[in-house]
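Visitor: Dropping a structure here in structure tokens format, bear with me for questions.
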Amino acid sequence: MLAAWDLSKIPTPAYIVHEGMLRANLREIDRVRSEAGVEIIVALKANATWQLFPLLKEHADGATASSLAEARLVLEEMGCKAHTYAPVYTDEEIDDILEASSHITFNSLGQLARYGERALRRGISCGLRVNPEYSTVETDLYNPCIPQSRLGVLAADIAEWPEGVDGLHFHALCESRPADLEATLKAVEERFGRHFDRLRWINLGGGHLLTHKDYDVDHLIAILRDFRCRHPHLRVILEPGSAFTWDTGVLVARVEDIVRNGGRNTLMLNVSFACHMPDCLEMPYKPTICRMHDPKDGEIEWWMGGNSCLAGDMYGAWSFDDGHIAEVGERIIFRDMIHYTMVKTTMFNGVTHPSIMLYSPERGFQTLRTFGYDDYKRRMG
């Protein structure tokens, strides 16, 4: 689908969501919902472009929020109440969060004691996040089950399941495969299965990258069906973040300068890894650039430099598929830049923030949002 795009006239920088690629992901999500008999809800933590909510709502069973702002956005723009989980709630926000939530999950027994009764009086279904003390996630920054983690309640601390709590929530995956879920579910059942008869629902969290080309969807469906057969009284909920918008669009940048120092060719772009693609530096991972590849012996190598003053705002190296010499003004197109990008961007240095656009074969390009000086100024005071 990307090959058919003509991005030569698109103002840069810009994030562009491809509606056709998004719909392909939604078809796969619908298949899991139908064949496994589970609920799949949208996680705003990965993408909160609310102009897409009408489409997402047709292929999801609601949405999950991690803050008051996300819960309000679900209520106002998706028209339903959120499944809300946050590591901590506050006196100043809890009533507004409850107003926007149908389900609320507490991270600790202390938070449950503080706010649980208030939620129950409003008829909200309450859940408790647990820590299965098992995870296959290798990067500690994204692993909620590392020793002494602040996320979730340990099995040893739950003598009896709390009264009024009818849900159990765990989140221990990150861009994971079905085998990772299978092993994690085993750990959850071993540590918390004795409480399952007190529950009405279980939330398997996010990290199910079921729209990745190498993901075994049949295996996932089999795991979920088997779990439901063993626990038929439980509603099973998944809340994948990346899966909805995985590989559904691009970040279009432009070469503004070429720096050649110490034998390295660096293309200076009008976007920033630190500000606009932070996971590249945090995970870290090397993004895919359209019409470029990892260098082979003898090929000219090009690094990409961001436009912030952070010394490490750069990544490399790539080579052009056709071997051409880069020029100022040409487009650099970063693929798979829709999930965990716009929701994590910053305005560090006041660098120009990319616009948000939508492309569909029927309607062409549509600008959803542009950013300017006033956006930066309002953030500062």
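Visitor: Please enumerate the residues belonging to segment 30-58 that are within 20 Å of MET342 (Cβ to Cβ) and touching a residue at least 40 places away in the same chain (Cβ under 8 Å).
Guide: Result: ILE41, VAL42, ALA43, LEU44, LYS45, ALA46, ASN47, ALA48, THR49, GLN51, LEU52, LEU56.
Visitor: If I ask for residues that are β-branched (Val, Ile, Thr) and closer than 20 Å to PRO284 by Cβ, which ones from segment 314-332 would you list?
Guide: ILE332
Visitor: Please determine, by comparing only the residues of segment 144-172 that are small (Gly, Ala, Ser) and in contact with a Gly (Cβ under 8 Å, 6 or more places away or on another chain), which one is surrounded by the fewest Cβ atoms within 10 Å (Cβ to Cβ). Outline the logic, then answer.
Guide: Narrowing segment 144-172 to residues small (Gly, Ala, Ser): 149, 152, 155-156, 159, 164, 167, 172.
Imposing the further condition that a residue be in contact with a Gly (Cβ under 8 Å, 6 or more places away or on another chain) reduces the set to 164, 167, 172.
Working: GLY164: 13, GLY167: 22, ALA172: 30.
Filtering segment 144-172 for residues that are small (Gly, Ala, Ser) and in contact with a Gly (Cβ under 8 Å, 6 or more places away or on another chain), the one surrounded by the fewest Cβ atoms within 10 Å (Cβ to Cβ) comes out as GLY164.
Visitor: With the requirement that a residue be over 17 Å from VAL188 (Cα atoms), touching a Cys at 6+ places or on another chain (Cβ under 9 Å) and at pLDDT 95 or above, what does segment 116-161 give you?
Guide: GLY116, ALA119, LEU120
Visitor: Please list, ordered by residue number, the helices (runs of 4 or more DSSP H) wholly in segment 199-302 having 2 or more residues that are among the small types (Gly, Ala, Ser).
Guide: 242-245
Visitor: If I filter segment 263-273 for residues that are exposed (fewer than 15 other Cβ atoms within 10 Å of the Cβ) and more than 25 Å from the chain's Cα centre (by Cα), do I get at least one hit? Break it down stepwise before answering.
Guide: Taking segment 263-273 first, the residues exposed (fewer than 15 other Cβ atoms within 10 Å of the Cβ) are 263-264.
With the extra rule that they be more than 25 Å from the chain's Cα centre (by Cα), the set shrinks to 263-264.
The answer is yes, given that some residue of segment 263-273 is exposed (fewer than 15 other Cβ atoms within 10 Å of the Cβ) and more than 25 Å from the chain's Cα centre (by Cα).
Visitor: Which one is nearest to SER308 (Cα to Cα) among residues in segment 368-380 that are of a type in the set (A, V, I, L, M, F, W, C) and surrounded by 14 or more Cβ atoms within 10 Å (Cβ to Cβ)?
Guide: Once the filter is applied, the top-ranked residue is PHE371.
Visitor: Separate question: When you go through GLY249, GLY206 one by one, which is the residue that is touching a Leu at 6+ places or on another chain (Cβ under 9 Å) and closer than 20 Å to PRO87 by Cα?
Guide: Working: GLY249 fails: closer than 20 Å to PRO87 by Cα.
Every option except GLY206 fails the conditions.
Visitor: Let me ask you something else. Read through the list (1) without any contact (Cβ under 8 Å) to a residue 40 or more places away in the chain; (2) part of a loop (DSSP other than H, G, I, E, B); (3) within 21 Å of HIS195 (Cα to Cα); (4) not aromatic (Phe, Trp, Tyr), then give the number of the only condition that GLY123 fails.
Guide: Condition (3) is where GLY123 drops out.
Visitor: Could you check how many residues of segment 280-312 are without any contact (Cβ under 8 Å) to a residue 60 or more places away in the chain, touching a helix residue (DSSP H, G or I) at 6+ places or on another chain (Cβ under 8 Å) and hydrophobic (A, V, I, L, M, F, W, C)?
Guide: The qualifying residues number 5.
Visitor: Being over 30 Å from GLY306 (Cβ atoms), touching a residue at least 60 places away in the same chain (Cβ under 8 Å) and crowded, with 20+ Cβ neighbours inside 10 Å narrows it down to one of LEU251, LEU238, so name that one.
Guide: LEU238
Visitor: Looking only at segment 342-367, count every residue that is in contact with a Leu (Cβ under 7 Å, 6 or more places away or on another chain) and either loosely packed, with under 15 Cβ neighbours inside 10 Å or not assigned by TED's automatic domain parsing to the domain that holds PHE273 (or both) and tell me the total.
Guide: Number satisfying all stated conditions: 1.
Visitor: Please indicate, with yes or no, whether at least one residue in segment 294-316 is at pLDDT below 95, in the same structural domain as PRO278 (by TED's automatic domain parsing) and charged (D, E, K, R).
Guide: no
Visitor: Restricting to segment 138-196, name every residue that is touching a residue at least 60 places away in the same chain (Cβ under 8 Å), in a helix (DSSP H, G or I) and of a type in the set (Ser, Thr, Tyr).
Guide: TYR142
Visitor: Being under 20 Å from GLY205 (Cβ atoms), exposed (fewer than 14 other Cβ atoms within 10 Å of the Cβ) and of a type in the set (A, V, I, L, M, F, W, C) narrows it down to one residue among LEU141, LEU128, LEU112, LEU56; which is it?
Guide: LEU141
Visitor: ASP96 - would you say it is charged (D, E, K, R), assigned to a helix (DSSP H, G or I) and touching a helix residue (DSSP H, G or I) at 6+ places or on another chain (Cβ under 8 Å)?
Guide: Spelling it out, ASP96 is indeed charged (D, E, K, R), assigned to a helix (DSSP H, G or I) and touching a helix residue (DSSP H, G or I) at 6+ places or on another chain (Cβ under 8 Å).
Visitor: Follow-up. Has segment 341-354 got any residue that is in contact with a strand residue (DSSP E or B) (Cβ under 9 Å, 6 or more places away or on another chain), charged (D, E, K, R) and at pLDDT 95 or above?
Guide: no
The values are calculated or read from the model by the stated rules, or taken from the named source; none is laboratory data. Note that the structure is a prediction, hence the values are computed from the model and not measured. When we count neighbours, we look across all protein chains shown, and the Cβ atoms used for this are built from the backbone with ideal geometry, even at glycine.
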